[in-house]
Every structure is written in structure tokens, then in C-alpha cells.
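Just so it is clear, none of the values below were taken in a lab; they were calculated from the coordinates. As the structure is a prediction and not an experimental result, all values here were calculated from the model. Backbone-built Cβ (ideal geometry, glycine too); neighbour counts: all protein chains shown.
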Ligand SMILES: NC(=O)c1ccc[n+]([C@@H]2O[C@H](COP(=O)([O-])OP(=O)(O)OC[C@H]3O[C@@H](n4cnc5c(N)ncnc54)[C@H](O)[C@@H]3O)[C@@H](O)[C@H]2O)c1
Ligand SMILES: O=C(O)CCC(=O)CC(=O)O
């Protein structure tokens, strides 16, 4: 018999090809008129299109978001916000640009409209991770959640295939951890399993046609579902470990998720066999951890922490940092267990 609490997150979502052109209407719908546009070097054409669409609504622009949301960058942009009397942020980019937008909004109360260019899913979560003094700290608040998300598949087509692959596995990780999270519930389970199915379908064909709008649109939809799972379900060992590796050892976010996910699934599998069996069904593979590992390996994605630049000598410290505090996870998290897991991920050993 079911018994659960479900918190729906109130985002407005505009989804479809060409929807970026509606950004000015969406700003006016929020009754805002002084926009700070956040863009970035690798999404210049997308940001330019949005700049044109915003016209006189845009009064300032910043292009320097950094992965893991360093507080020093946020403080720099806060100067622009007060100087230009900003009342809304429009962010064009991946999770790093969205993170900067959230960091500004939670400090100033400005509205946020996000046009994602990756599958990170941050745009629909009330979660923000920020880095200061080499430590990444995550917090959650309704004030962090963006008001409006515009998913335009055209904005994601420029992602190179290796990046689209790792970003899709970052999304899959949100769905996987939601299935065994503290706040798991049947609504989120449905979204999570659909996201996993869609990503398992989409990843193997990513390389076949780089401009496959249909396929990329399905992945973008899966990314939204997966972000929704993260926002309602919560995070366990996998996300904690990736935040330690990203925040303290500067590893790239989505690629780290891609390497670590099968190993955390193998670690947690003995405690949640029924969940792993549902994931295996969604993947269409005999076992879930090996299914994810094989999906990544077959698509040419990263399978070792070594290739991401992790030093073997730092694995002990990473295990220490990831086990300093307890947090919800289906299996007890011990330093010895995490160190073994990290060793396997470092070497790229295929899990059972
Ligand atoms: N709070 C949350 O719910 C949440 C969820 C997921 C990720 N995140 C955070 O987001 C950050 C990672 O985000 P990410 O993985 O999307 O990477 P990212 O935003 O850092 O982007 C990676 C690189 O790819 C470039 N890029 C982005 N979109 C592109 C495109 N369409 N074409 C070509 N290049 C493109 C960026 O400019 C950047 O150089 C991390 O800080 C992570 O912690 C937060
Ligand atoms: O905003 C953050 O950096 C914390 C949440 C997060 O990164 C989710 C993830 O690990 O993909």
C-alpha cells in the first residue's frame, strides 16, 4: 500500500522548437522589464538570438559563469545587479549558468527565466550548490527555483556528442537516485523510469545524426523529467560523491557523474534489489549497474576517473570528505566502502 508526501515544484515550462523567440513575452508575463542576460562563450549564437528577442528589456549582460558556482563570481555579478537595478535574470546555458542565476536570485529576489543548453536539469530544481574555499555546499529553498523555463531543442544542438552523452548520464543519475531517495513516491518513480528509458534509447543514436532534432528533443524532455525527479526526490551517495569530486578536486561535473554512476549503483544494489531490477527493465539489460556502464562504454564515453584527471593519491581524501557527514542513502555509507568504490571508478572496473 502506498504512503507518501509529494511536493510539486511550481515552474512554468514552455517546451518546443523555436520557443526561445517567446522570451520577451515571458519576461513581460512576469511583469519585469530590467533584464540581466547570462550567456557564455560556447553558447554565443543562442545568447545573441535571445539578446535580439529581448530588445530594450535587456539592460546588462554577463558571460563568465563558472562550473560549481564559485561565490567569488556571484559576488562580481551582484555588483551588476544593483548597478542596473535588475528585476529579472535570463540565463542561456548549462547548469553552471543556471547555478549563477540561482545564486543571484536567492540573494536578491529577482525572477529567473532559464533557457537550458544542456541536460543538467538544474532549471527545475530548488537546489543550489556553491563553492567557497574548495568546498562545495548544497542547499535548497523555494527562492532558488526559477520562475520560467524555456526548453528550445535548437539551443541544445550545438552540444558536441561527447558532451551530450555525459550530460544525458548526469540526467539519468537524477532519475536513478530519485528511485531510492528518502522522498521516493510513485509519481516520481513514473517520471524517473520514463527518463531512464528515454536516455537509454537516445544515447546509442547520439552519434548517428548530429542534427537529429527528434532524438535531441526526446533527450531534452527526459532531462526535464529527470530534473523534476531530483527536485522532488532528493540526492544520495552518488550526488554527494560527485560534488566532492567536482568541488574539491575540480573534476568536470557531467563526466564525473558518468564515470561514478554505475559504481554507486553497484554499491547500493544489495540494499535496493527491487529498484535495481526496475532500472534494469527500463534500460533493457540484465543488471542495472553493468547496463549503465555498458551504455556509456559503447557510446565512447568516459569510464575512469583517471581519464578525467583525478589523481590516485587523492582517492583517500575524497573518501574522507564524502563520509564526513551522514546523509540519506539506502546503504550505510562507510569510508572503507566509498574508498573501494572510488578505486573501482578510478580504474574503470566493470561492475556486476
Ligand atoms: N542544482 C541543480 O539541480 C543542478 C543539477 C545539475 C547540475 N548542476 C550544476 O551545473 C553545473 C554543470 O552543468 P553542465 O553539466 O550543464 O555544464 P556547464 O554548464 O558547465 O557547461 C559545460 C561547458 O559546455 C558549454 N556548453 C553549454 N551548453 C552548450 C551547448 N549547447 N553547446 C556547446 N557548448 C555548451 C558551457 O559553456 C561550458 O563551457 C555544475 O556546477 C553542477 O553542479 C546543478
Ligand atoms: O547546484 C549544484 O551544484 C548542486 C546540485 C547538483 O549539482 C546536482 C548534480 O549533481 O547534478
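With respect to (1) in contact (Cβ under 8 Å) with a residue 24 or more places away in the chain; (2) touching a helix residue (DSSP H, G or I) at 6+ places or on another chain (Cβ under 6 Å), the lone exception for residue 337 is condition (2). Across the stretch 137-151, not a single residue is classified as part of a helix (DSSP H, G or I), buried (at least 17 other Cβ atoms within 10 Å of the Cβ) and touching a residue at least 60 places away in the same chain (Cβ under 8 Å).
Evaluate the stretch 1-18: report whether one residue or more is more than 16 Å from ligand 2 (Cβ to nearest atom) and surrounded by 19 or more Cβ atoms within 10 Å (Cβ to Cβ). No: zero hits. From the residues in the stretch 159-204 that are in contact with a helix residue (DSSP H, G or I) (Cβ under 9 Å, 6 or more places away or on another chain) and outside any helix (DSSP H, G or I), which one is surrounded by the fewest Cβ atoms within 10 Å (Cβ to Cβ)? Filtering first and then ranking leaves 182. The criterion of at least 1 residues that are surrounded by 24 or more Cβ atoms within 10 Å (Cβ to Cβ) is met by the following strands (runs of 3 or more DSSP E) wholly inside the stretch 20-104: 35-38, 88-93. Per the listing 65, 53, the residue uniquely in contact with a helix residue (DSSP H, G or I) (Cβ under 6 Å, 6 or more places away or on another chain), more than 16 Å from ligand 2 (Cβ to nearest atom) and free of Cβ contacts under 8 Å to residues at least 60 places away in the same chain is 53. Which one is farthest from residue 24 (Cα to Cα) among residues in the stretch 113-136 that are crowded, with 24+ Cβ neighbours inside 10 Å and more than 7 Å from ligand 1 (Cβ to nearest atom)? Applying the filter and picking the extreme gives 119.
Within the stretch 117-131, residues that are within 23 Å of residue 49 (Cα to Cα) and touching a residue at least 24 places away in the same chain (Cβ under 8 Å) reach partners that are within 6 Å of ligand 1 (Cβ to nearest atom) and assigned to a strand (DSSP E or B) with beta carbons closer than 8 Å, at six or more positions or on different chains, in the pairs 117/93; 118/93. Among helices (runs of 4 or more DSSP H) entirely within the stretch 206-311, having at least 2 residues that are surrounded by 20 or more Cβ atoms within 10 Å (Cβ to Cβ) and within 16 Å of ligand 1 (Cβ to nearest atom) singles out 213-233, 237-249, 253-268.
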